[in-house]
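The values are calculated or read from the model by the stated rules, or taken from the named source; none is laboratory data. Computed from a predicted model, the values in this text were never measured in an experiment. Here Cβ is always computed from backbone atoms with ideal geometry, including for glycine, and neighbour counts include all displayed protein chains. Areas reflect the complete protein model, heavy atoms only, side chains present, ligands, DNA and RNA absent. Shrake-Rupley method; radii C 1.70, N 1.55, O 1.52, S 1.80 Å.
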Amino acid sequence: MKHSTFARWARRGGAPILAAACAAVAPSAIAATVFSYTSQPGDPVGLGESQVYTEADSTLSFSGDSRHAILRVERGNDSWYVSLGAPLEQTFGVRRFYDAESPTRRTGRAPYVHMDNNGRRCAELWGEIHVQQLRTDEEDRIVAFEATVLQRCGAASAPVLAAVIRHNVEPLSLRLQADPGDYVGQGIDKAYAGDSSVFQLWGNRDGARYSASGQHDFWSAELSPPTGTALQVGSYPIAEAPDAAHAGFRFERPERRCPRISGGRLEIKSVRFDPASGEMTGLHAEFVQHCEGASEALRGTIRYQA
């Protein structure tokens, strides 16, 4: 299978299941492991179901190095065993690994994927590994890891099982959905993560700027709290410029700058600042933005280490 197979799948509407798998993960905490999956009807491993497992309700054990990673999950009578391998004579990095096969039927230099749910597994599979965050120690052991794993059993056109693994990391991603008539988003339905994109965050309690660059796109955001307040967790109506009742917010791209932000809402779910410098270090925000009085909207979720 060439990776264009999955590209065609994404264009046919498979992308929403991948985005759903990412969105289903509960907010993670540093030094924690989280596993979630979403499967399409007909998938023999996930059985068309979706679940999230955290250390609050499950026993999760993660280990690995630059060539292999293993996750074990137990919750009551439910168990998962996930094993991932880099291509032959290669190591994992922050990028996408296509053409994955079963570890017992691997050919050539293919990476491998093995996902076992209560004994259900693929004898032959088509898959991908999207490594979105990775850090190893001096002994080559993985100390921080985030990946999205895709698997189809038996054929490249079979239903998809999409899983997300996070270990000792906070999310780093951007998710956008726009109505077809929205001036800025123009109907976009797209997700960006560390395997394809670069994210930046600057600011403090008085205001912040954010950018995301990848997949032929560049996005930027500016946000400021209502006048007389500081950026903090809360839900705020937005306007072109902040006032006592509105947060200032603008999300755009260079070729599509909204002439006037006419309404919407910004919800800051989590925000972090360096205690010494006051610089913003983490942001989890959701927004709805209307441009020039239009009823159509651009909706987004920003996750930057929070």
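Which is loosely packed, with under 13 Cβ neighbours inside 10 Å, modelled with pLDDT of 95 or more and not aliphatic (A, V, I, L, M), of E101, E139? First the steps, then the outcome.
Numbers: E101 fails: loosely packed, with under 13 Cβ neighbours inside 10 Å.
Going through E101, E139 in turn, the sole match is E139.
A quick yes/no check of all residues on (1) under 21 Å from the mean Cα position of the chain (by Cα); (2) of a type in the set (D, E); (3) closer than 14 Å to G154 by Cα:
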{"position": "P87", "(1), (2), (3)": "no, no, no"}
{"position": "V94", "(1), (2), (3)": "yes, no, no"}
{"position": "E124", "(1), (2), (3)": "no, yes, yes"}
{"position": "L134", "(1), (2), (3)": "yes, no, no"}
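Of the residues R67, R95, R120, R72, only one is open to solvent by 70 Å² or more (accessible area, probe 1.4 Å), within 13 Å of V149 (Cα to Cα) and among the basic types (K, R); which?
On the way: R67 fails: within 13 Å of V149 (Cα to Cα); R120 fails: within 13 Å of V149 (Cα to Cα); R72 fails: within 13 Å of V149 (Cα to Cα).
Just one listed residue meets the conditions, R95.
I'd like to verify a number: residues in the range 281-306 that are of a type in the set (D, E, K, R), in a strand (DSSP E or B) and in contact with a His (Cβ under 8 Å, 6 or more places away or on another chain), how many? Outline the logic, then answer.
Step one: of the range 281-306, the residues of a type in the set (D, E, K, R) are 286, 292, 296, 299, 303.
Now drop any that are not in a strand (DSSP E or B), which leaves 286, 299, 303.
Then drop every residue that is not in contact with a His (Cβ under 8 Å, 6 or more places away or on another chain), which leaves 303.
Looking only at that region, the number is 1.
Can you give me the ranges of the strands (runs of 3 or more DSSP E) entirely in the range 165-280 with at least 3 residues that are under 30 Å from I70 (Cβ atoms) and at pLDDT 95 or above?
Details: elements: 172-178, 189-193, 197-204, 207-214, 217-224, 234-239, 247-252, 261-273.
Where strands (runs of 3 or more DSSP E) fall fully within the range 165-280 and carry at least 3 residues being under 30 Å from I70 (Cβ atoms) and at pLDDT 95 or above, they are 172-178, 189-193, 197-204.
Taking interchain pairs and intrachain pairs at least six residues apart, which have beta carbon atoms under 8 angstrom, with the first residue in the range 39-51 and among the aliphatic types (A, V, I, L, M) and the second assigned to a loop (DSSP other than H, G, I, E, B)?
V45/R121; V45/C122
Out of L150, L134, I need the residue that is farther than 25 Å from E252 by Cβ and touching an Asp or Glu at 6+ places or on another chain (Cβ under 6 Å). Which one?
Working: L134 fails: touching an Asp or Glu at 6+ places or on another chain (Cβ under 6 Å).
On inspection, the qualifying residue turns out to be L150.
Please determine, by comparing only the residues of the range 219-244 that are among the aliphatic types (A, V, I, L, M) and out of contact with any Ser or Thr (no Cβ under 9 Å at 6 or more places or on another chain), which one is most open to solvent (accessible area, probe 1.4 Å). Lay out the reasoning, then the answer.
Quick first cut of the range 219-244, residues among the aliphatic types (A, V, I, L, M) only: 221, 223, 230-231, 233, 238-239, 241, 244.
So of that shortlist, the ones also out of contact with any Ser or Thr (no Cβ under 9 Å at 6 or more places or on another chain) come out as 223, 230, 238.
Numbers: L223: 8, A230: 35, I238: 7 Å².
Per the criteria, the residue is A230.
Per-residue answers, yes or no, for (1) surrounded by 21 or more Cβ atoms within 10 Å (Cβ to Cβ); (2) of a type in the set (D, E):
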position: A162; (1), (2): yes, no
position: Y183; (1), (2): no, no
position: D189; (1), (2): no, yes
position: A208; (1), (2): yes, no
